[in-house]
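Participant: Structure below; questions to follow.
Here, each number is a calculation from the coordinates, and none is a lab measurement. Predicted model only: the values in this text are computed from it and were never measured. Positions of Cβ are generated from backbone atoms using ideal geometry, with glycine treated the same way; all protein chains shown enter the neighbour counts.
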């Protein structure tokens, strides 16, 4: 991949990572609820999911979903249902306490990691985006495997940095969030439910 092509891809990745989405919202929510250190497992889970999506898109599965209305519809409803379920879980979570020792959260690391993975791989808009986005930067004359590592690695590093920033910001304003009690959880949970409900209805 030429350096100028990679630089354009880097700029696009930064813009994509800063755009609102389920994984960024999840990092923000978990950062406030569980602390920035423990939220790293959520973020790593999300980036793992993105690696899988990029691999599927680069090696042809994305094209299949674009051409198959049935599979795309199924994925939309599964993804929407998961986001609704996730929103309900966030809604029902205990309010942020503002305590300093936030690493003793009851949520296990594997649970947080799994939520991060599922938030990314059940979003069909991400899959369709990458299946249309990545070919713009792929050179058919060069190794597809090598380009996969470059493209996936670049996006994952940017996404990790952005989500870590969101988690750290949320953790630092925990004492302010304590004042709003369950309102923060219900707001974030409501956003997840809204996204999940709207996702299958979009064309």
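Participant: As a footprinting exposure proxy, order 53, 43 by other Cβ within 10 Å, with the fewest listed first.
Facilitator: On the way: 53 24, 43 27.
Ascending Cβ contact count within 10 Å gives the list 53, 43.
Participant: Moving on to the next point. With a point put 7 Å past each Cα toward its Cβ, work out how far residue 111 is from residue 194 in nm, to one decimal.
Facilitator: The modelled label-to-label distance comes out at 2.7 nm.
Participant: Between residue 8 and residue 142, take the C-beta separation as r, use R0 = 22 Å, and let me know the FRET efficiency to the nearest 0.05. All intermediate terms of the calculation are to be shown ahead of the outcome.
Facilitator: Numbers: r = 16 Å, r/R0 = 0.74.
According to the calculation, E is roughly 0.85.
Participant: What distance in nm separates the two pseudo spin-label positions at residue 149 and residue 52, each 7 Å out from Cα along the beta-carbon direction?
Facilitator: The two pseudo-label positions are separated by 2.3 nm.
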